[in-house]
Amino acid sequence: MPSFNELGLSPAMLTNLGRLGYQQPTAVQGASIPPVLAGDDVIAMAKTGSGKTAAFGIGLIERLNVRHFAVQGLVLCPTRELADQVAKALRELARARDNVKIITLCGGVAIGPQIGSLSHGAHLVVGTPGRVQDHLRKGTLVLDKLKTLVLDEADRMLDMGFSESINDILSQLPSQRQTLLFSATWPSAIRSLSEAFQNDPVDVRVSDSESAPDIDEMFFELQPGQQTDALAALLSEHQPASCIAFCTTKQQCDDIAGALNDRGFSALALHGDLDQKDRDAVLAQFANQSCAILIATDVAARGLDIKSLPLVVNVEPARDSEIHTHRVGRTGRAGEKGKAVTFCTPAQGHRVNRLESVGVNALVWGDTGQLLGVTDRPVQPAKRTLCIAGGRKDKVRPGDILGALTGDAGLDGAAVGKIDLFEFQCFVAINRDVAKQALKRLEAGKIKGRKFRVRMV
Ligand code: AMP
């Protein structure tokens with residue numbers, strides 16, 4: 001494996017990568033960075049967690065002419081969450097250079113502010129296909145100076161029906177450009193896309209032994225109605241610091257989360273019926289370690305920025321093998337050991353049998369009787385979350401909250417975890433043993449000289 005020093009990067013980028021803690025290129029980075037820097041087209045098979053964002057991002061930043069104020073790079077992503085994540089990663093990489101302007105253009109949010117940002121100029125745009133098309137149509141996004149197009153998670157964009165949008169966008173780009181295509185899977189539609197829009201691409205397929213994550217995958221046959229008991233047993237046995245259990249329906253998410261809570265486990269449901277505020281609260285609690293178990297639908301969990309989970313559970317087998325692969329791919333990332341467990345009733349057996357065709361080797365079946373015999377031992381999250389009814393709009397900053405907690409409230413800074421600031425509210429993770437004390441003190445005291453409502457979530 002080459003080191004970053006051997007890949008032809010600028011000294012500033014090398015220093016920056018050191019600061020980000022990237023010591024060695026991942027396999028996909030080692031193979032992609034040289035052709036990306038050389039301006040070649042690349043088609044790379046790379047999953048989330050393989051370091052794919054930096055594999056294209058490093059080259060995007062290095063190839064920028066910062067003094068030229070025009071959009072030189074466009075990254076298309078399937079979802080807003082992924083686009084936000086990519087933009088965040090690009091901003092970190094761009095610290096190697098001065099004044100790189102990066103804009104996200106995603107659907108589901110007001111278009112006005114995006115038009116305002118675009119009017120000030122940008123070097124790189126990260127967006128979802130529909131909204132990028134909207135801006136092209138309005139003439140608010142001009143791509144005639146584009147040097148590089150990146151299609152990130154191209155397979156998911158096609159799955160989500162963005163094929164026409166992508167074709168439309170591609171037809172409006174300069175023909176002299178670099179096209180980088182990243183995809184987790186290799187269906188024929190991806191090969192056709194590459195043939196249509198790429199010019200003699202360098203094919204990066206990292207050998208399976210290097211990219212294969214270390215996941216211990218197991219299956220249990222259940223009778224209908226045993227899912228909650230089996231899940232509680234599994235959690236009691238493994239005591240994971242965090243776990244996502246995937247369900248098919250919203251109702252099932254709510255039912256299982258409710259039943260687990262009744263048994264003393266801290267579980268939250270994440271599905272499409274939650275409004276943005278509730279969704280933010282659920283994700284903040286999961287990410288800040290005050291809730292260990294998320295019961296989620298696939299759609300709601302899409303694009304979640306969670307580094308690696310020690311345990312993923314399929315409460316029912318996924319209907320589709322690719323969804324199964326996506327779910328299971330959330331564990332065992334970045335060299336950590338992962339565990340994936342799938343429950344299956346006899347009537348759902350065909351879904352599991354299909355998995356063998358996508359490379360899940362011999363299925364390992366666990367002993368259901370033994371599993372169901374495990375007594376409940378609820379996972380206790382390390383932290384609890386306080387919600388403060390003040391946010392960015394109130395000019396509250398994380399430092400103010402930390403100050404209020406460690407100053408007046410007399411807490412040790414080490415007891416304060418993640419602080420998630422939103423427009424109108426803020427979530428603070430506090431060590432479980434001092435959370436009540438922190439709540440009392442915050443209720444009695446002030447933040448930035450003002451009183452805010454505070455509650456334990
Ligand atoms: P990605 O596959 O792009 O979603 O990246 C997965 C995670 O790996 C991100 O949190 C990156 O910050 C991290 N990462 C990417 N490249 C490296 C590297 N060479 N060394 C260490 N961490 C990395």
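The values are calculated or read from the model by the stated rules, or taken from the named source; none is laboratory data. Being a predicted model, the structure only gives us computed values, none of them experimental. Cβ placement follows ideal geometry from the backbone for every residue including glycine, while neighbour counts extend to all protein chains displayed. Accessible surface areas use protein heavy atoms only, side chains included; no ligands, DNA or RNA. Shrake-Rupley method; radii C 1.70, N 1.55, O 1.52, S 1.80 Å.
All C-alpha pair distances within region 383-456, sorted into 5 Å bins from zero, spread as 4, 19, 35, 29, 12, 2, 0 percent across the bins. For region 383-456, what % of the accessible area comes from carbon and sulfur atoms, probe 1.4 Å? Looking at region 383-456 in its full context, I get 50 percent from C and S. Across region 213-372, the convex hull enclosing all Cα atoms gives 107 Å³ per residue. In order along region 115-129, phi translates into HN-Hα couplings of 5, x, 4, 4, 5, 8, x, 7, 8, 10, 10, 10, x, 9, x Hz, rounded to whole numbers, per the Karplus curve 6.51 cos²θ - 1.76 cosθ + 1.60 with θ = phi - 60° and x for Gly and Pro. In the chain, helices alone account for a calculated mean residue ellipticity at 222 nm of -10500 deg cm²/dmol, with every DSSP H run of four or more residues adding -39,500 (n - 2.57).
With all protein chains present, how much of the accessible area of region 102-207 (probe radius 1.4 Å) comes from carbon and sulfur, to the nearest whole percent? Answer for region 102-207 is 48 percent, counting heavy atoms of protein chains only.
Among residues other than G73 whose Cβ falls under 9 Å from its Cβ, what is the net charge (Lys/Arg +1, Asp/Glu -1)?
+2
When the solvent-accessible area of region 213-372 is split by element, carbon and sulfur atoms take up 48 percent of it, the probe being 1.4 Å.
How do the peptides 163-169, 74-80, 19-25 rank, highest first, by the average count of neighbouring beta carbon atoms within 10 Å per residue?
Values: 163-169: 16.3, 74-80: 23.3, 19-25: 13.3.
Top to bottom by mean Cβ count within 10 Å: 74-80, 163-169, 19-25.
Compactness of the chain is given as radius of gyration and Dmax, 23.5, 67 Å, from Cα positions.
Send over a whole-number figure in Å² for the accessible area per residue of region 383-456, probe 1.4 Å.
Details: 3940 Å² over 74 residues.
Per residue, region 383-456 has 53 Å² of solvent-accessible surface.
Taking amide H atoms as placed 1.01 Å from N in the peptide plane, the amide H of V204 lies under 5 Å from those of I43, A44, M45, each 5 or more residues away in sequence or on another chain.
Net charge dipole, the chain: roughly 2180 debye, given to the nearest 20, about the Cα centre with Cβ charges of +1 for Lys and Arg and -1 for Asp and Glu. In this structure the amide hydrogen of G107, modeled in the peptide plane, comes within under 5 Å of the amide hydrogens of T128, R131, none closer than 5 places in sequence on its chain.
Each of V428, A259, P129 was scored by the projection of its Cα onto the charge dipole of the chain, and the greatest displacement toward the positive side belongs to V428; charges sit on the C-beta of Lys, Arg, Asp and Glu. Each residue of region 37-50 is assigned a 3J(HN,Hα), and the resulting list reads 5, 7, x, 7, 6, 9, 10, 10, 8, 8, 9, 4, x, 8 Hz, derived from the Karplus form 6.51 cos²θ - 1.76 cosθ + 1.60 (θ = phi - 60°), x at Gly and Pro. Derived scalar couplings between HN and Hα for region 155-163 equal 4, 6, 4, 5, 4, 8, x, 8, 4 Hz in order, rounded to whole Hz, by the Karplus curve 6.51 cos²θ - 1.76 cosθ + 1.60 (θ = phi - 60°), x for Gly and Pro. Rolling a 1.4 angstrom probe over the protein heavy atoms with all chains in place gives region 1-114 an accessible area of 42 Å² per residue. Taking amide H positions as modeled 1.01 Å from N, with prolines and chain starts lacking one, the residues under 5 Å from V75 and 5 or more places away or on another chain are V125, V126, G127, V150.
Over region 124-255, the ratio between the Cα radius of gyration and 2.2 N^0.38 Å evaluates to 1.52.
Per residue, how much accessible area does region 213-372 have with a 1.4 Å probe, in Å²? Show your work: numbers first, answer last.
Working: 6730 Å² over 160 residues.
For region 213-372, the per-residue accessible area is 42 Å².
Projected onto planes of every orientation and averaged, the convex hull of the alpha-carbon atoms in region 61-104 covers 3.0 nm².
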